[in-house]
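Note sheet for the following structure.
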């Protein structure tokens with residue numbers, strides 16, 4: 001039988017009363033410590049929540065999936081989403097609960113901010129990034145402003161919240177783009193390895209592989225270097241060298257025969273290639289390796 005996920009008015013409570021505020025802020029320890037540092041799965045129909053994690057660690061659950069929490073980070077949770085938390089006892093930070101009707105954009109509307117707020121996000125704040133530092137500063141100022149009754153309080157709370165959300169959305173989108181680019185580069189590297197496996201004996205140049213992947217040779221070289229520390233040309237050469245070493249150790253063909261099998265039309269050029277890559281001639285390398293193996 002499926003578990004019923006409770007709907008709370010506030011962070012971890014169900015009063016049955018209509019909210020009499022548009023924004024509420026409290027420290028995470030103040031409430032989670034009452035529940036053994038765990039907030040069980042629940043949802044809020046009318047509220048958007050922002051958690052700022054300044055210290056400690058834990059886990060956040062979105063729709064049944066747990067994700068690790070590390071400082072410094074911001075967690076944003078749209079209305080109607082099942083979520084929960086497990087915190088370490090040294091957790092430091094606070095949670096901001098906002099009536100979704102009072103947000104700059106409605107979660108799920110067609111604006112860029114509204115689309116972003118329609119899904120949960122766990123955004124890491126890089127302390128070397130100026131925007132990330134400003135997000136942390138805005139949220140800390142919001143928490144401080146909420147705790148005091150001073151003139152202009154509501155306007156400042158709205159300004160701090162809006163600034164923090166807009167910048168967090170920008171940072172989160174950049175993270176997603178970086179991840180998408182990383183995933184695409186991984187896919188291209190898999191394709192490249194397959195292409196090299198099929199064509200290395202043809203001694204195709206880097207431009208051949210770039211064209212097969214529909215990118216420029218410069219872009220391909222940048223991807224390969226970022227992934228392997230080598231350029232495309234070095235990666236192709238490494239494949240030829242590895243195959244040459246395998247042939248020299250595990251076959252009885254002459255150096256000339258191996259050179260021809262690997263697509264070299266000139267055995268002398270093969271020997272020069274091998275010497276440059278391995279530091280020994282093919283014959284000397286073969287004798288040394290077979291001696292190690294007792295062959």
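Brief remarks follow.
- With the cut-off at under 14 Å, measuring from each backbone N in the stretch 96-127 to a point 7 Å along the Cα-to-Cβ line of residue 162 picks out 102-106, 113-114.
- Taking a point 7 Å from the Cα of residue 208 along the Cα-to-Cβ direction, the residues of the stretch 264-295 with backbone N closer than 12 Å to it are 264.
- Principal axis dimensions, largest first and in whole angstrom, of the stretch 203-293 by Cα: 43, 26, 19
- Subtracting the Cα-Cα distance of residue 269 and residue 90 from 0.36 nm times their residue separation leaves 57.9 nm of extension gain.
- Per-selection Rg to Rh, the chain - Cα, Kirkwood hydrodynamic radius: 1.24
- Over the chain, dividing the summed -39,500 (n - 2.57) contributions of all DSSP H runs of at least 4 residues by the number of residues returns a 222 nm mean residue ellipticity of -16000 deg cm²/dmol.
- Rounded to the nearest 10 degrees, the angle from helix 267-278 to the longest Cα principal axis of the chain is 40 degrees.
- Its alpha carbons give the stretch 23-181 an Rg and a Dmax of 14.8, 47 Å.
- Using the Cβ-Cβ distance between residue 280 and residue 242 with R0 = 22 Å, the FRET efficiency computed as 1/(1 + (r/R0)^6) comes to roughly 0.90.
- Added length on full extension, which subtracts the Cα-Cα distance from 0.36 nm per residue, residue 26 to residue 131: 35.4 nm
- The GNM of the chain, with springs linking C-alpha atoms under 10 angstrom apart, assigns the highest mean-square fluctuation among 207, 95, 249 to 249.
Every number here is computed from the coordinates shown, using simple stated rules; none is lab data. Please read all numbers here as calculations on a predicted model, not as lab measurements. Methodologically, a virtual Cβ is constructed for each residue, glycine included, from the backbone with ideal geometry; neighbour enumeration extends over all protein chains shown.
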